[in-house]
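Student: Got a structure for you, questions after.
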Amino acid sequence: MLMKSAITSTYSPTGSRNFFLNLLKKSTTLSHLTQTHAQIILNDFQNDISTITKLTHRLFDLKATSYARHLFLSIPNPDLFLFNVLIKGFSNAHSISLYTHLRKCTHLKPDNFTYAFAIASASTLSDEKVGILLHQHAVVDGYGSDLFVGTAVVDFYLKNWRIDLARKVFDKMPVRDTVSWNSMISGLVRNCCFDDAVWVFERMLKDGGIPLDSTTVAAILPALAELQELTLGMEVQCLAIKLGFHSYVHVLTGFISLYSKCGDIEAAKLLFGEIRRPDLVSYNAMISGYTSNGESGCSVRLFKQLLGSGEKVNSSTIVGLIPVFHPFGYLSLTDCIHGFCVKSGILSQPSVSTALTTVYSRLNEIKSARLLFNESLEKTPASWNAMISGYTQNGLTEAAISLFQEMQRSKVSPNPVTVTSILSACAQLGALSLGKWVHSLVKSKNFESNMYVSTALIDMYAKCGGISEAREMFDLMVGKNVVTWNAMISGYGLHGQGQDALKLFSEMSHSGVTPNGVTFLSLLYACSHAGLVEEGEKIFQSMIHDYHYKPLPEHYACMVDILGRAGQLEKALKFIKEMPVEPGAAEWGALLGACVIHKDKKIACVASEKLFELDPESVGYYVLLSNLYSVERNYRLAASVRQDVKKRKLAKTPGCTLIEIGETPHVFTSGDQSHPQASAIYAMLEKLIRKMKEAGFQTEIDTALHDVEEEEKELMINVHSEKLAIAFGLIATDPGTEIRIFKNLRVCVDCHTATKFISKITERVIVVRDANRFHHFKDGLCSCGDYW
């Protein structure tokens, strides 16, 4: 009452309004606002639009959305400004309902702020069509060129992975301010388009008229970190110092992350020390920096220091502490962090459970990962992605595909990360029909502009036998990074098209994209499988002298393979002996494989002796040596090698072959009788063998077990898994249809020869992917030229 009398006696109606507006501005709690609202009603200002609009604004500031909604409904004639405050405040589906009510039930017309707030609210919805419709409304009402609306539209499209549309809108904006540039840069970073983000940042600098702010600097740093562009990052740091932003805590935090991710943890520590009072975000960046550089001991000490200071940690702190990037040797630490999360209740945070799922998967603790995933109350797209990716990385491709299908049934919309993981699973399994279905999903979701998705599609098609489809995808891509070029070069190598791989590398060099270690490995692999010895040697030398790249064991092994496959075994042995580093199992293994191909027992003994010393538990080397002895009919030594395998309790990976009929995968093992159509399959195989023998085919039995009769050897080899799969393909598909099969091991000599005969007899194209490469059989010939 005292307040009311003071107001009534002291202030005119206009003065009283200003008094309440000032009082609302100073209110810091909901209790203050409710008391002030009561006084507003007592003083008869409950219908004063300016006062009620300010009260509504402050209610949203204090998250009292329900109160704000009831207050709005009590106003008989709200103006456009109040509508805008409500639309901005809700930032969800309620905002869209209000916008619809504004258009259909009032005489008011939306302005640029209405559209900007409504479009921003549409970003929170699962259906992008609402935002697209709002964009269309804005254009029709004349706000298509408005700066505020344009920035909101760009941000909306980027949040919905529609990078192509975001670029179009951004490029057509007649005026762009710092906020619009920042939205574009940060949105591209969120979409993992790091190269594009750097290009936009550089374009912003070249424009000159647009001032950078601290947000611009902080937005570009994650892209530079992901691209490992430390030199460019240092240039940005100089720019930040020049512009006076370097001392800002959020900018320094960004540089801590940059130096950490680029491996310079000492520089990161120095920058952390420059912050007088580090906030939680800074601590999180430093903890994550230590962890990502394999210094988990330091990250744990800093974590304890943070807890000791009384600061309450959040989900980002825990995610930074979890050794996702260097998990090996840290299972007990991961278990401890898991326990802390359970006790503190932070495990319910999706980002924490997702990070733990990821690290368990990388530690091959797949059961723990799945249990954690199953127990997660809130499964975000990132949670599904982590588990699908975990299965894929552990070779459990069928489980990955099954979980993806469960994700679809759960109505969780996949994002580009999901698509990339499932395409990788399709590539491993050779599941072309599912891969094509995922491609159609990519088109419907408009993910094709995402470089990582398009690259995954190229890889999938190449590894599923569709090299022409892979090249078509490659040619359609506007922007290509080094991973994209590598995927296509590797694809050509898989298909034995070495000259095409070299030609593409030449195009890559002229495009300005710098090759990396994977590029050179893919090129050497392509040369190896195409018999391009001279070209392979040139690539190897160019890698060292022109590109100053230090070869890894894989590069040396590929070079040994190139020489060995070409029959230059002495030169290959000399190459190994002259290596500047100690040769390992990879190099000696490549040499042994070549010795088996060319039946060189002398060098094979040298190589196997080294291999049994370096990697005594790898059964593959014993099998190779045993096969070599069998080919030479030295069955005593072959038996001795096999006996050694038994003593060591080593097991050879069983061979199996997959064939897809329609969308159904069928898997066969050697001598398999389990298929429902087994009788028809064996009848077809018997018919084929009879016709093949009439055409001059002779079974290759040298590598079969020596302690069985010749006839039995032939029967054993005739029912290899790839022959069964081909026979099934012939009875399950129409005449003339291409047959594609996928073998988990290297195809044997007999099956390779048999498939050539079958392709001619049946007039079918047969595509076989084995553990090493693709073989395209047609008219009795193989694309590998019997060089595999």
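Student: If you take the residues in the range 375-396 that are under 15 Å from the mean Cα position of the chain (by Cα) and β-branched (Val, Ile, Thr), which one is modelled with the lowest pLDDT?
Tutor: Among them, the one singled out is Thr392.
Student: Of all residues in the range 751-785 being charged (D, E, K, R) and open to solvent by less than 40 Å² (accessible area, probe 1.4 Å), which is farthest from Leu724 (Cα to Cα)?
Tutor: Among residues in the range 751-785 that are charged (D, E, K, R) and open to solvent by less than 40 Å² (accessible area, probe 1.4 Å), the one farthest from Leu724 (Cα to Cα) is Arg773.
Student: Kindly establish whether Leu221 is at pLDDT 95 or above and either touching a strand residue (DSSP E or B) at 6+ places or on another chain (Cβ under 8 Å) or within 26 Å of Tyr157 (Cα to Cα) (or both).
Tutor: Yes.
Student: Further, regarding this structure: Cβ contacts < 8 Å: first residue on the phi > 0 side of the Ramachandran plot, restricted to the range 90-107; second residue open to solvent by 30 Å² or more (accessible area, probe 1.4 Å) and at pLDDT below 90, any location; separation 6+ or different chain. Result?
Tutor: Listed by first residue and then by second, the contacts come to Ser91/Thr124.
Student: Might you let me know whether the range 251-271 holds any residue that is of a type outside the set (Phe, Trp, Tyr), within 28 Å of Ser332 (Cβ to Cβ), assigned to a loop (DSSP other than H, G, I, E, B) and open to solvent by 40 Å² or more (accessible area, probe 1.4 Å)?
Tutor: yes
Student: A further question on this structure: Pick from the range 551-586 the residues that are basic (Lys, Arg) and open to solvent by 40 Å² or more (accessible area, probe 1.4 Å): which of them is farthest from Ala530 (Cα to Cα)?
Tutor: In this case the residue turns out to be Lys577.
Student: Would you point out the residue of the range 751-784, among those that are assigned to a strand (DSSP E or B) and β-branched (Val, Ile, Thr), that is farthest from Cys426 (Cα to Cα)?
Tutor: Ile766
Student: Here's something else I'd like to know. Quick check on Val533: is it touching a helix residue (DSSP H, G or I) at 6+ places or on another chain (Cβ under 7 Å), surrounded by fewer than 21 Cβ atoms within 10 Å (Cβ to Cβ) and either modelled with pLDDT of 95 or more or not basic (Lys, Arg) (or both)?
Tutor: Yes: the conditions hold for Val533.
Student: How many residues does the range 287-319 hold that are closer than 21 Å to Ser348 by Cβ and out of contact with any helix residue (DSSP H, G or I) (no Cβ under 9 Å at 6 or more places or on another chain)?
Tutor: Qualifying residue count for the region: 1.
Student: Considering each of Ser126, Ser145, Ser66 in turn, give the residue that is over 24 Å from Phe19 (Cα atoms), part of a helix (DSSP H, G or I) and open to solvent by 20 Å² or more (accessible area, probe 1.4 Å).
Tutor: Ser66
Student: Here's a follow-up. List every residue pair whose Cβ atoms sit under 6 Å apart, with the two residues 6 or more apart in sequence or on different chains, where the first one lies in the range 586-599 and is of a type in the set (Val, Ile, Thr) and the second, anywhere, is open to solvent by 20 Å² or more (accessible area, probe 1.4 Å).
Tutor: Matching pairs, first to second residue: Val596/Leu624; Val596/Asn627.
Student: Another one. Would the range 516-523 turn up any residue that is in contact with a Lys or Arg (Cβ under 9 Å, 6 or more places away or on another chain) and surrounded by 24 or more Cβ atoms within 10 Å (Cβ to Cβ)?
Tutor: No, that holds for no residue.
Student: Can you name the residue in the range 305-331 that is of a type in the set (S, T, N, Q) and at pLDDT 90 or above and, of all such residues, is least open to solvent (accessible area, probe 1.4 Å)?
Tutor: Step by step, filter the range 305-331, then rank; the result is Thr317.
Student: Can you tell which of Glu469, Glu448 is assigned to a helix (DSSP H, G or I) and surrounded by fewer than 24 Cβ atoms within 10 Å (Cβ to Cβ)?
Tutor: Of Glu469, Glu448, the one residue that is assigned to a helix (DSSP H, G or I) and surrounded by fewer than 24 Cβ atoms within 10 Å (Cβ to Cβ) is Glu469.
Student: Right, another one. Any idea how many residues of the range 417-443 are open to solvent by less than 40 Å² (accessible area, probe 1.4 Å), hydrophobic (A, V, I, L, M, F, W, C) and in contact (Cβ under 8 Å) with a residue 60 or more places away in the chain?
Tutor: 4
Student: I'd like to verify a number: residues in the range 739-750 that are within 17 Å of Gly729 (Cα to Cα), surrounded by fewer than 23 Cβ atoms within 10 Å (Cβ to Cβ) and either more than 35 Å from the chain's Cα centre (by Cα) or of a type in the set (Val, Ile, Thr) (or both), how many?
Tutor: Count: 0.
Student: Scan the range 211-221 and give yes if some residue there is touching a Pro at 6+ places or on another chain (Cβ under 7 Å) and either farther than 20 Å from Ile119 by Cα or acidic (Asp, Glu) (or both), otherwise no.
Tutor: No; the residues of the range 211-221 include none that is touching a Pro at 6+ places or on another chain (Cβ under 7 Å) and either farther than 20 Å from Ile119 by Cα or acidic (Asp, Glu) (or both).
Student: Can you name every residue in the range 276-304 that is at pLDDT 95 or above and either among the acidic types (Asp, Glu) or not in a helix (DSSP H, G or I) (or both)?
Tutor: Passing the criteria: none in range.
Rundown of residues vs (1) farther than 20 Å from Ser50 by Cα; (2) assigned to a helix (DSSP H, G or I); (3) of a type in the set (Lys, Arg); (4) touching a helix residue (DSSP H, G or I) at 6+ places or on another chain (Cβ under 6 Å), yes/no style:
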{"residue": "Pro76", "(1), (2), (3), (4)": "no, no, no, no"}
{"residue": "Leu82", "(1), (2), (3), (4)": "no, yes, no, yes"}
{"residue": "Leu86", "(1), (2), (3), (4)": "no, yes, no, yes"}
{"residue": "Leu98", "(1), (2), (3), (4)": "no, yes, no, yes"}
{"residue": "Arg103", "(1), (2), (3), (4)": "yes, yes, yes, no"}
{"residue": "Phe113", "(1), (2), (3), (4)": "no, yes, no, yes"}
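The values are calculated or read from the model by the stated rules, or taken from the named source; none is laboratory data. Just so we're clear, the structure is a prediction, and the values are computed from it rather than from any experiment. With ideal geometry, Cβ positions are generated from the backbone for all residues, glycine too; neighbour counts draw on all protein chains shown. When the accessible area is computed, the model is the full protein with side chains, heavy atoms only, and any ligands, DNA or RNA have been set aside. Shrake-Rupley method; radii C 1.70, N 1.55, O 1.52, S 1.80 Å.
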